[in-house]
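This report concerns only the one structure given below.
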Amino acid sequence: MGRRAIAWARRTARPEVDAAAVLATLADPVLVVDQQLAIRFANPAAEQFFDMGLPTMIGRRLDSLLPPDSPACALVEKVRDQGGRMVDHGVAIDTPRTGAQLVSVQVAPLGDGLPLYVVALQPRSIVERIDHQLTHRGAARSVSAMAAMLAHEVKNPLSGIRGAAQLLEQNANEADRELTRLICDETDRICALVDRMEVFSDSRPIHRGAVNIHEVLEHVRRLAESGFARGIRFVELYDPSLPPVLGNRDMLVQVLLNLVKNAAEAVPEQGGEIVLSTAYQHGVRLAVAGSDSRLHLPLVVTVQDNGSGVPEDLRANLFDPFVTTKHGGKGLGLALVAKIIDDHGGLIEFDSQQRRTTFRVKLPMVEQGEGN
């Protein structure tokens with residue numbers, strides 16, 4: 001059976017490409033299964049992953065290697081029944097060699113009309129990418145906790161300090177008045193910062209409805225071109241068939257305005273360019289922490305600039321409060337973006353290199369019966 005599977009892989013490849021040889025070079029496990037979930041082919045990485053030789057694996061059902069209720073098996077069945085390509089992140093798999101771990105599962109039809117499906121498991125790199133994607137959620141939680149702490153533990157003592165300084169000022173000489181005014185000015189500055197932070201401590205559910213994301217992007221572009229992004233070239237690459245976002249329009253304007261403003265400040269003075277794009281990312285789901293539900297985030301909004309990129313030492317903490325690359329910046333813009341996206345149940349990720357920094361916002365769509 002193993003030789004026949006390899007021969008089949010070679011027959012289906014283009015004459016100049018040996019499919020089995022290509023699969024053998026991949027570091028991630030790849031399986032080919034039929035409509036009954038029986039394994040028809042496995043690359044060497046899959047043999048190592050499941051600690052099982054190819055002759056033993058061929059003919060076995062996928063659900064004999066994984067728990068019967070594994071989302072991986074359900075994903076294959078969904079692709080079999082509905083077609084298309086699907087991805088599921090955060091799937092728990094327990095194997096004899098590696099033990100329990102989280103992987104990403106990608107399933108796609110083999111093509112050429114064959115009733116076979118390619119199952120790719122990505123146990124390392126994709127988990128690191130998910131951690132990178134979810135960095136904003138940890139940042140959102142930390143900034144919310146900080147805001148609540150500041151509101152409760154800092155503002156009251158500050159008002160007392162300012163009041164005491166004003167009392168001292170009444171009987172102070174001119175030199176001492178300079179010090180009391182300094183105290184008042186600094187307490188006012190800190191109170192203003194706390195006021196700006198209090199928006200993060202609002203934990204009430206947001207009002208969401210059907211939002212045309214292209215109208216939001218057009219509004220943001222017009223605002224930018226008439227102000228901080230005057231003279232910068234905008235490129236729009238929109239998918240006109242995109243369904244409505246399930247979100248809060250004003251908050252999404254705030255998110256995208258922040259991202260576009262950051263992009264505008266990063267691009268060069270000559271030849272600055274910002275690309276706004278939308279796309280439907282079919283079949284991408286993510287496990288929701290603390291529950292058995294899967295988060296479906298098919299709508300992707302991208303803001304890309306041709307600036308100098310995010311410094312390497314800031315990338316791991318880019319969404320944390322007070323982290324900024326701007327001279328005189330407060331470092332709260334991306335922290336606020338992180339909170340708003342988290343409130344929407346969405347994700348934000350970024351890639352940055354010289355002359356290309358990309359922020360991708362992944363959002364839920366309006367399902368039937370929602371957003372009315």
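Structure notes:
- Test: Arg60 is under 13 Å from Leu116 (Cα atoms) and out of contact with any His (no Cβ under 7 Å at 6 or more places or on another chain): no
- Screening the stretch 225-253 for residues that are β-branched (Val, Ile, Thr) and either surrounded by 13 or more Cβ atoms within 10 Å (Cβ to Cβ) or touching a Ser or Thr at 6+ places or on another chain (Cβ under 6 Å) (or both) and picking the one that is nearest to Leu299 (Cα to Cα) gives Val245.
- Of the residues examined, Gly209 is not one that is at pLDDT 80 or above, over 29 Å from the mean Cα position of the chain (by Cα), surrounded by fewer than 16 Cβ atoms within 10 Å (Cβ to Cβ) and of a type in the set (Gly, Ala, Ser).
- Selection of the stretch 49-95 for residues being in contact with a helix residue (DSSP H, G or I) (Cβ under 9 Å, 6 or more places away or on another chain) and among the acidic types (Asp, Glu) yields Asp63, Asp69, Asp88.
- Residues of the stretch 279-311 that are over 16 Å from Met86 (Cα atoms) and modelled with pLDDT of 70 or more: Val301, Thr302, Val303, Gln304, Asp305, Asn306, Gly307, Ser308, Gly309, Val310, Pro311.
- For His132: the one exception among (1) in the same structural domain as Gln35 (by TED's automatic domain parsing); (2) modelled with pLDDT under 80; (3) surrounded by fewer than 18 Cβ atoms within 10 Å (Cβ to Cβ): (1)
- Set side by side, the residues Leu318, Leu276, Leu314 differ, and just one is farther than 18 Å from Glu367 by Cα, at pLDDT 60 or above, in contact with an Asp or Glu (Cβ under 6 Å, 6 or more places away or on another chain) and not assigned by TED's automatic domain parsing to the domain that holds Gly84, which is Leu276.
- Per-region count, the stretch 210-235, residues in contact (Cβ under 8 Å) with a residue 40 or more places away in the chain and either among the small types (Gly, Ala, Ser) or more than 20 Å from Glu269 (Cα to Cα) (or both): 10
- When the residues of the stretch 221-266 are filtered to those that are of a type in the set (Asp, Glu) and part of a helix (DSSP H, G or I), the one that is farthest from Ala335 (Cα to Cα) is Glu225.
The values are calculated or read from the model by the stated rules, or taken from the named source; none is laboratory data. These figures come from a predicted structure and were not determined experimentally. Glycine gets a Cβ as well: all are built from the backbone with ideal geometry, and neighbour counts include every protein chain shown.
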